[in-house]
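Shown next, in C-alpha cells, is the structure this report addresses.
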Amino acid sequence: MVERGLEPELLLWENFGVSQNSRRIRYLVYFVFVVFMLIVCFYIIFSLEKAGDKASNEVPDIQCPSEVDANAANIDYYAD
C-alpha cells in the first residue's frame with residue numbers, strides 16, 4: 001500500500017540524517033573526482049596536441065602550382 005508523504009514544509013531538512021562528516025566526505029570525494037577528471041582531460045588534450053604537431057612536422061610542405069594540366073597530373077600519378 002502506498003502512503004502519501006509529508007509536505008516539504010513540514011520536514012526539518014537539517015535533521016534529515018546526513019551528518020556533517022558525511023557531507024565533508026562526499027564533498028572531498030567529489031572534489032577528488034573533479035580534479036582527477038581535469039587531469040585526465042588535460043593529459044588527453046596535451047597528447048593530442050603533441051601528436052598533431054608531430055604529424056604536421058612529418059608531412060612535407062609541398063607548394064603546388066595554381067593550375068595543373070592533365071599531362072602534369074598523369075606524370076605525377078605514375079611517378080615513384
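Each reported figure results from applying straightforward, stated rules to the coordinates on display, with no laboratory input. Here the structure is a predicted model, which means the values were calculated and not measured. A quick note on method: Cβ atoms are made from the backbone with ideal geometry, for glycine too, and the neighbour counts reach across all protein chains shown.
Below are the figures for this structure:
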read-out: Theoretical ellipticity at 222 nm over the chain - DSSP helices of four or more residues, -39500 (n - 2.57) apiece, nearest 500; value: -21000 deg cm²/dmol
read-out: Qualifying trypsin sites (Lys or Arg not before Pro) in region 1-67, DSSP loop, other Cβ atoms within 10 Å at most 10; value: Arg4
read-out: Matching label, semi-axes √(5λ) of the Cα gyration tensor in Å computed from the structure shown, candidates (i) 67, 20, 10; (ii) 39, 18, 12; (iii) 21, 13, 12; value: (i)
read-out: Charge-dipole axis of region 1-74 as Lys and Arg at +1 and Asp and Glu at -1 on Cβ define it, positive-most pick from Leu12, Val40, Pro60; value: Leu12
read-out: Whole-Hz couplings from phi, Karplus 6.51/-1.76/1.60, listed for region 57-72; x for Gly and Pro; value: 6, 7, 7, x, 8, 10, 9, 8, x, 5, 10, 10, 8, 5, 5, 5
read-out: Additional length obtainable on full extension of the chain from Phe33 to Gln63, 0.36 nm per residue less Cα span; value: 5.9 nm
